[in-house]
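Undergrad: Please read through the structure below; I'll follow up with questions.
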Amino acid sequence: MKIADIYKGNKKTLSFEIFPPKKDSELKSIDETLEVLCELKPDFISVTFGAGGGLNSSRTVEIAKTIKHRYNVEPVVHLTSLHYDRKEIDSFAEVLEAEGIENILALRGDRSPLLAEKDDFHHASDLISYLKKDHDFCFLGACYPECHPESPDRISDMKGLKDKVDAGASVLVSQLFFENRRFYDMCEKSRIAGIDVPIIPGIMPVINAVQIRKMISLCNATFPDRFKKIISRYENKKEALFDAGMSYALSQIVDLLAGDIPGIHLYTMNNPAVARRICEGVRNLV
Ligand code: FAD
């Protein structure tokens, strides 16, 4: 099923993001995680893709296959393009097609001093335009409530986003954020720019202070005072931080779902307890 079709109805969606484990020893735990996540019946599960690929990219496909064929849940495969040429992208697309995978979250990928950039795809929109010519995938794209860190300002950020949608992205999924007004503001500017596809907020509950500080520095998200208070009070109390982080995320989610937002994409961090708690909190809202 193509993810864009889900948004043609009035139902609000709940979807999850997971990442392939780096170590062989973690492969068993991803199976257990998938079992719980799929039992929660999400509308789709997206599987991240390590820039530069390697072992990690084959794991992305393996996990997506399991989600689709073992659990009958729709997978979305993330695909980055900056470090690949057309031939490599062609082979990847062929593998996905052969496995019946219909949805790609098309990405440029982060720059890394350790990985050589190739010249075929400079932006996610180039990847979408290229794949669209010969394939029938549904394309999702990324968007940034606080602007992509490389965008000099919101206007150029919006132009890039409009290019992505004009190229064929039919659903957008946002970077994490901790203040809903940032997301609403991006949505409003997108609509003014003529972007009319569903825009799904990405929510990451805080359950680990070290991890969240790293994420925030990587993705530029603003750390509101209300949120800083939670971290400084509970960072050394695991259970308390879990409760507080879940309550914070749920308050964001309830506010989003009470408005016109078409669904929530939850960054699960491969933690089934996170997904379960959020599902319990929103069961009657989606
Ligand atoms: P682009 O859309 O190409 O944008 C990058 C920059 O170029 C922006 O500043 C944009 O404004 C500008 N731009 C875009 N189009 C144009 C254009 N046509 N002309 C001029 N400028 C333009 N990374 C991974 O490695 N693996 C993952 O699995 C992964 N999953 C992600 C999932 C989500 C929901 C999000 C939000 C991000 C994810 N990322 C992932 C991170 C992503 O790869 C980085 O944020 C990357 O730096 C940008 O990717 P993009 O596809 O948004 O790039």
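The values are calculated or read from the model by the stated rules, or taken from the named source; none is laboratory data. Not measured: the values here are computed from a predicted model. So basically every Cβ, Gly included, is an ideal-geometry build from the backbone, and we count neighbours across all protein chains shown. Heads up: the accessible areas ignore ligands, DNA and RNA and are worked out on the full protein's heavy atoms, side chains in. Shrake-Rupley method; radii C 1.70, N 1.55, O 1.52, S 1.80 Å.
Undergrad: Could you give me the residue pairs with C-beta distances under 8 Å whose first residue belongs to segment 258-270 and is assigned to a loop (DSSP other than H, G, I, E, B), whose second residue is at pLDDT 95 or above and of a type in the set (Ser, Thr, Tyr) wherever it lies, and which are 6+ apart or on separate chains?
TA: 259/184; 262/7; 262/13; 268/33; 270/33
Undergrad: Working carefully through the options 190, 174, find the one that is in contact with a Cys (Cβ under 6 Å, 6 or more places away or on another chain) and under 20 Å from residue 265 (Cα atoms).
TA: 174
Undergrad: Additional query: Collect the residues in segment 20-53 that are open to solvent by 20 Å² or more (accessible area, probe 1.4 Å), away from the ligand (no atom under 12 Å from the Cβ) and assigned to a loop (DSSP other than H, G, I, E, B), keeping them in residue-number order.
TA: Scanning segment 20-53 gives 22, 23, 40, 41, 43.
Undergrad: Identify all residues within segment 228-249 that are surrounded by 14 or more Cβ atoms within 10 Å (Cβ to Cβ), farther than 18 Å from residue 278 by Cα and of a type outside the set (Val, Ile, Thr); write none if there are none.
TA: 234, 235 - these are the residues of segment 228-249 that are surrounded by 14 or more Cβ atoms within 10 Å (Cβ to Cβ), farther than 18 Å from residue 278 by Cα and of a type outside the set (Val, Ile, Thr).
Undergrad: Within segment 127-165, can you find the residues that are open to solvent by less than 30 Å² (accessible area, probe 1.4 Å) and aliphatic (A, V, I, L, M)?
TA: 127, 128, 131, 140, 142, 158, 161, 165 - these are the residues of segment 127-165 that are open to solvent by less than 30 Å² (accessible area, probe 1.4 Å) and aliphatic (A, V, I, L, M).
Undergrad: Would you check which residues across segment 183-214 are open to solvent by 10 Å² or more (accessible area, probe 1.4 Å) and in contact with a Ser or Thr (Cβ under 7 Å, 6 or more places away or on another chain) and list them?
TA: 197 - this is the single residue of segment 183-214 that is open to solvent by 10 Å² or more (accessible area, probe 1.4 Å) and in contact with a Ser or Thr (Cβ under 7 Å, 6 or more places away or on another chain).
Undergrad: Checking the structure you have, find out if any residue of segment 234-253 is in contact with a Gly (Cβ under 9 Å, 6 or more places away or on another chain), assigned to a helix (DSSP H, G or I) and of a type in the set (Phe, Trp, Tyr).
TA: Yes, segment 234-253 contains a residue that is in contact with a Gly (Cβ under 9 Å, 6 or more places away or on another chain), assigned to a helix (DSSP H, G or I) and of a type in the set (Phe, Trp, Tyr).
Undergrad: Also: Are any of the residues in segment 138-148 farther than 23 Å from residue 177 by Cα and either under 17 Å from the mean Cα position of the chain (by Cα) or within 10 Å of the ligand (Cβ to nearest atom) (or both)?
TA: Taking every residue of segment 138-148 in turn, at least one turns out to be farther than 23 Å from residue 177 by Cα and either under 17 Å from the mean Cα position of the chain (by Cα) or within 10 Å of the ligand (Cβ to nearest atom) (or both).
Undergrad: Here are some residues: 66, 60. Which one is free of Cβ contacts under 8 Å to residues at least 60 places away in the same chain, part of a helix (DSSP H, G or I) and within 15 Å of the ligand (Cβ to nearest atom)?
TA: Within the list 66, 60, the selection yields 60.
Undergrad: Could you say whether any residue in segment 214-233 is hydroxyl-bearing (Ser, Thr, Tyr), over 25 Å from residue 33 (Cβ atoms) and modelled with pLDDT of 95 or more?
TA: No, segment 214-233 contains no residue that is hydroxyl-bearing (Ser, Thr, Tyr), over 25 Å from residue 33 (Cβ atoms) and modelled with pLDDT of 95 or more.
Undergrad: Right, something else. Quick one: count up the residues across segment 160-208 that are more than 14 Å from the chain's Cα centre (by Cα) and among the β-branched types (Val, Ile, Thr).
TA: 6
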